[in-house]
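Here the structure is laid out as structure tokens; the discussion comes afterwards.
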Amino acid sequence: MKQMSAALIDAVKVGNRKAAYSYNTYLRAYIDLSGLPEEDVKVDEA
């Protein structure tokens, strides 16, 4: 949030400038398996 607000403040400043920004971001994704039928699940005992 701090990096984003600094980037927004720099964007509205008067004058020409060039900059490179780096952000650390984490992304989580989930798959809903509630509709997966039991016959589609295979267990490998090995």
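Values as computed for the structure displayed
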| item | result |
| --- | --- |
| Test result for ALA46, part of a loop (DSSP other than H, G, I, E, B) and either at pLDDT 80 or above or not polar (S, T, N, Q) (or both) | yes |
| Out of ASP10, ASP40, sole residue that is modelled with pLDDT under 90 and either on the phi < 0 side of the Ramachandran plot or open to solvent by less than 100 Å² (accessible area, probe 1.4 Å) (or both) | ASP10 |
| Within the range 22-37, considering residues that are more than 30 Å from ALA6 (Cβ to Cβ) and among the aliphatic types (A, V, I, L, M), the one surrounded by the fewest Cβ atoms within 10 Å (Cβ to Cβ) | ILE31 |
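The values are calculated or read from the model by the stated rules, or taken from the named source; none is laboratory data. All figures in this text were calculated on a predicted structure; none of them were measured in a lab. In this analysis, Cβ positions are derived from the backbone assuming ideal geometry, glycine residues included, and neighbour counts consider all displayed protein chains. Note: accessible area is taken over every heavy atom of the protein model, side chains too, but ligands, DNA and RNA are not part of it. Shrake-Rupley method; radii C 1.70, N 1.55, O 1.52, S 1.80 Å.
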